[in-house]
Amino acid sequence: AVAELAALEDPRFGGLGADAKFPNAPVLAFLVERARRGDEAAGVLARRLLLATQALRDPVEGGFFRYAVRRDWSEPHYERMLSDNAQLLDVATGLGDAATAEAVAGFLLGVLRLPGGAFGSAQDSESLVDGERSEGGYYALDAAGRADQPRPAVDEKVLAGLNGLAIGALATAGLRFERPEWVAAAREAAAAVLAVQCIETPDGPRLRRASRDGRVSDAAATLEDYGGLAGGLVRLALASGDRAPAVRARALVDAC
């Protein structure tokens, strides 16, 4: 599989394929895991692919954009997703890339983090620049230019599974790079999601998939939500030394 992925690498512009370019976080995560098990070629490929993906990273606020429209990584689709950035934080941590981890964690905590500690789902690609609607115009500005413009809106929908990805990624990165404030943020996010979206019943906990401003959706959680949140809680327990999140994770898995 590693050899087949290497054969898909764009020799001119980097990344995989010869059309629109995506971060491919799950592919990168696979390569990082192979490298951890001693596959040197997988580690080399993962570093090259992550380096190419840096073209999608916002140099001011740090998060990765959704994808690039063109093969040469130009014309990004400027939406920034919690799902992509949580997984790319894990990739950076696995590769020991402190600079990328710092940039992505900064985006999660500085842009997507909501009052109460949970994370919104995404940040819009469109915003108002000088009073006119613009696709990506905000992101073309430097830090000083952005200071006078409204930020693109954040989708404040809290999804249990995606918050679990962010909780786990921040906790692991905080431990790896000695950033206790990232572990603390992961703990606060976990508490926020559990307090609002985890309902205790005689048969064990039941999750709700989404909430917004403390109002819980009627939609039942999916396996992705149970698995994502439970996985994040286990990693929080490992990073913090507190067994309580692992106990809650076990209860969520049993509830499935």
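Accessible surface computed residue by residue for the chain, with neighbouring protein chains in place and a 1.4 Å probe, gives 48 Å² per residue. Remark: the chain carries a charge dipole of roughly 640 debye about the Cα centre, counting +1 on each Lys and Arg Cβ and -1 on each Asp and Glu Cβ. Taking only protein heavy atoms and a 1.4 Å probe, the accessible area of the chain is 53% carbon and sulfur.
Think of the chain as a dipole: +1 on every Lys or Arg Cβ, -1 on every Asp or Glu Cβ, centred on the Cα centre; then among Tyr226, Gly136, Ala103, Tyr226 lies furthest on the positive end. About the centre of its Cα atoms, segment 124-256 shows a dipole size close to 640 debye [charges on the beta carbon of Lys, Arg (+1) and Asp, Glu (-1) only; nearest 20 debye].
At the residue level, Phe30 shows approximately 80 square angstrom of accessible surface with a 1.4 angstrom probe and all protein chains present.
Computed extension length for Phe13-Asp213: 67.8 nm, one decimal, from 0.36 nm per residue of separation with the Cα-Cα distance subtracted.
For Ser125, the solvent-accessible surface computed with a 1.4 Å probe is close to 20 Å², ligands and nucleic acids excluded. Taking the Cα centre of segment 62-199 as origin and assigning +1 to Lys and Arg Cβ atoms and -1 to Asp and Glu Cβ atoms, the resulting dipole is close to 380 debye. When peptides 65-74, 83-92 are sorted by average Cβ neighbour count within 10 Å, with the highest value leading, the order is 83-92, 65-74. Between segment 30-60 and segment 222-244, what is the separation of their alpha carbon centroids in Å? For segment 30-60 versus segment 222-244, the Cα centre distance is 25 Å.
Note on the chain: dipole from Cβ charges, positive end direction compared against Ala7, Ala41, Ser127; the farthest Cα belongs to Ala41.
I'd like to verify something in the chain: which complete DSSP H helices, judged by Cα projection on the helix axis, reach 15 Å or more and average at least -0.5 on the Kyte-Doolittle scale? Result, helices passing both filters: 25-36, 40-53, 82-94, 160-176, 180-197, 223-240, 244-255. Between Glu40 and Ala3, the contour length at 0.36 nm per residue exceeds the alpha carbon distance by 12.1 nm. Taking every protein chain into account, the 1.4 Å probe leaves Thr172 with about 50 Å² of accessible area, to the nearest ten.
Distance between the 7 Å Cα→Cβ label points at Asp242 and Leu128: 4.0 nm. Between Ala143 and Glu156, the contour length at 0.36 nm per residue exceeds the Cα-Cα span by 2.3 nm.
The values are calculated or read from the model by the stated rules, or taken from the named source; none is laboratory data. Because the structure is predicted, anything quoted here is derived from the model rather than measured. Don't worry about glycine lacking a Cβ; one is built from the backbone with ideal geometry, like all the others, and counts go over all protein chains shown. These accessible areas exclude ligands, DNA and RNA; they are computed on the full protein's heavy atoms, side chains included. Shrake-Rupley method; radii C 1.70, N 1.55, O 1.52, S 1.80 Å.
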